[in-house]
Amino acid sequence: MNVKHEIDTFLRAHKDKKVLVAFDYSGSISSQQRTEPFQTIVDHINQTNCLDVVFVDWKIMSVTNTKEFKFPTKHGGGTDYSFTFQWAKEQGYEALMYVTDGYGGAPMIEPMPTLWLMDETDGSSRIPYVNDVLTFQDISWGQFVTI
């Protein structure tokens, strides 16, 4: 599956919505895993859009946009997807692209249209969701793309 094509398709489908890009910057993602795919995604989005970007773990670590993109100086701990969705809704976002390795708690129902860009570098990406551990494909909402 072509990641750039899926990003473009998602952005076209939500062109009239306020879209946020969230990068999982938790401790489970090594800095080498982060750097190349994150920068590639931002560079691609930046060709046609200037979107807001957040780096998150269990809280918002930093807010920037695709034009002024730079990595935070430190990475975080655990991941809480639910917090990111709640924050995004409070800020008026209507769609979300989430770049992650899949480790973290997610809402049981889709809070807004979501494109999950899944980093499966270690081959074992999973999302612990509420108190159950399910594979990413078992989540019944959002679109999923492996990066």
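Values in this text are rule-based calculations from the coordinates and carry no lab data. Keep in mind it's a predicted model, so treat the numbers as computed, not measured. All Cβ positions, glycine included, derive from the backbone under ideal geometry; neighbour counts span all protein chains shown.
Taking the convex hull of the alpha carbon positions in segment 1-97 and averaging its projected area over all directions gives 6.1 nm². Highest mean packing first, where packing is the average number of other Cβ atoms within 10 Å per residue, the peptides 9-18, 96-105 line up as 96-105, 9-18.
The stretch between HIS5 and GLU90 holds 27.7 nm of extra length on full extension. This uses 0.36 nm per residue minus the Cα-Cα distance.
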